[in-house]
Amino acid sequence: MKAKTTITPAQLRAARGLISWSQKDLAERSNVARSMIAGFESCKRKPNLANRTGLRRALEAAGVIFVEENGEGPGVRLRKGNDYHRRAAKGGPRAGGSEALS
């Protein structure tokens, strides 16, 4: 089965917000330039397949689930059991860091 690579600018912004990642954080974890991320989020640039794949994989590894168009529009949510918010509230490491969820 072909891997999903569809992602919208709004999904990208929302996904980063769910896990409190800056554009710089996402750039470092996805190997996609911060300028590309900023351009895509502001609807000024379109990432190529490799960039979309890198962005999506980095966010999914941190616990983000991409919800495809289902009549209400695409979206994002956190994987069940993702304790990111509890750890972040205690000043713990960010999702995707050295204590990433497996």
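The values are calculated or read from the model by the stated rules, or taken from the named source; none is laboratory data. None of the values given here were measured: they were computed from a predicted structure. Don't worry about glycine lacking a Cβ; one is built from the backbone with ideal geometry, like all the others, and counts go over all protein chains shown.
Within the range 71-92, being in a loop (DSSP other than H, G, I, E, B) and modelled with pLDDT under 85 holds for GLY71, GLU72, GLY73, LYS80, GLY81, ASN82, ASP83, LYS90, GLY91, GLY92. Name the residues in the range 1-49 that are surrounded by 19 or more Cβ atoms within 10 Å (Cβ to Cβ) and either touching a residue at least 40 places away in the same chain (Cβ under 8 Å) or in contact with a Phe, Trp or Tyr (Cβ under 6 Å, 6 or more places away or on another chain) (or both), would you? Matches in the range 1-49: ILE7, GLN11, LEU12, ALA15, ARG16, LEU18, ILE19, TRP21, ASP25, ARG29, PRO47.
Let me confirm something: among GLU99, GLU68, which residue is within 21 Å of PRO9 (Cα to Cα), out of contact with any helix residue (DSSP H, G or I) (no Cβ under 6 Å at 6 or more places or on another chain), at pLDDT below 95 and surrounded by fewer than 17 Cβ atoms within 10 Å (Cβ to Cβ)? Before you say what the answer is, go through the steps one by one.
On the way: GLU99 fails: within 21 Å of PRO9 (Cα to Cα).
One residue alone meets the criteria, GLU68.
Restricting attention to the range 1-42, the residues that are of a type in the set (Val, Ile, Thr) and within 9 Å of the chain's Cα centre (by Cα) add up to 1.
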